[in-house]
Amino acid sequence: MDSYLEIFKKDRFVRVSPLYNIITIFDSVKYDRSDQELLSASQRNHIGNVLEENGHKRLTGNSYQNITTKQVMRFTTPKTLGVSPLNELQYNFNQEDIFIVTPGTYFLFLVMKFNELQKENILQEIMQLISTHPVNLDQLLSVSRHDVFYPFLKQKFPEFVKHQQDSIKYDLKGKSSLDSNV
């Protein structure tokens, strides 16, 4: 992942996870209940252009490959709307590929991992994520009702909301989505 940290270090929209082989792209600071956890065409094109400029070739509409290392990068998107975006990532996640997901998908992945492992660095990563790539917390809480980590998410929900709101108010004030810059 170090090479991707380097590739995207100056990109104000892309965030490379320091813990997992996951990359997210900034979406918005405003959400409503009808929003879906999908990467827009602008977001996908942005990542694709950067990858192609840095030694990757497109394999399919949803994947790229590093020409040198042969490592595959995959866009992971829910196949069904209205379900947890975590389902598709859980089904496909492995240690070899790199996954490009929405911040909301990565948020749920981190919550799941924290619930399993109880490691403080995962909780810190959750807080860092929502302070740089805000997520639709209300919607994610709703779609997670049947997940094993739901009690933890519900308990921490007020803290996550306050932290994210403070970040939007002070650190992300005026930041717009990639789609609005196109």
**Qualifying residues in the range 114-133 (those that are charged (D, E, K, R) and more than 14 Å from the chain's Cα centre (by Cα)) - the one farthest from Leu19 (Cα to Cα)** = Glu116
**Message:** The conditions are (1) touching a Phe, Trp or Tyr at 6+ places or on another chain (Cβ under 9 Å); (2) touching a residue at least 24 places away in the same chain (Cβ under 8 Å), and Leu123 fails exactly one of them. Which is it?
**Reply:** (2)
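Among the strands (runs of 3 or more DSSP E) lying completely within the range 1-107, list those that include at least 1 residues that are at pLDDT 95 or above, touching an Asp or Glu at 6+ places or on another chain (Cβ under 8 Å) and surrounded by 14 or more Cβ atoms within 10 Å (Cβ to Cβ).
On the way: elements: 14-16, 22-25, 56-60, 63-66, 72-75, 98-101.
Those strands (runs of 3 or more DSSP E) span 63-66, 72-75.
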**Prompt:** Inside the range 108-136, can you point out the residues that are of a type in the set (S, T, N, Q), part of a helix (DSSP H, G or I) and farther than 22 Å from Ile168 by Cβ?
**Reply:** Asn115, Asn121
**Residue list for the range 70-95, restricted to those being in contact (Cβ under 8 Å) with a residue 60 or more places away in the chain and over 16 Å from Leu140 (Cβ atoms)** = Gln95
**Item:** Test set (1) within 22 Å of Gln139 (Cα to Cα); (2) under 13 Å from the mean Cα position of the chain (by Cα) - Ser17 fails condition number
**Value:** (1)
**Message:** Which condition from (1) exposed (fewer than 15 other Cβ atoms within 10 Å of the Cβ); (2) under 19 Å from the mean Cα position of the chain (by Cα); (3) modelled with pLDDT of 90 or more; (4) under 19 Å from Glu37 (Cβ atoms) is the one that Leu153 breaks?
**Reply:** (1)
**Prompt:** Pairs, please: C-beta under 7 Å, at least 6 apart or cross-chain, first residue under 16 Å from Asn54 (Cα atoms) and in the range 7-36, second aromatic (Phe, Trp, Tyr) and not in a loop (DSSP other than H, G, I, E, B)?
**Reply:** Val16/Tyr4; Ile23/Tyr4
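The values are calculated or read from the model by the stated rules, or taken from the named source; none is laboratory data. Since we're looking at a predicted model, the values are computed, not measured. Positions of Cβ are generated from backbone atoms using ideal geometry, with glycine treated the same way; all protein chains shown enter the neighbour counts.
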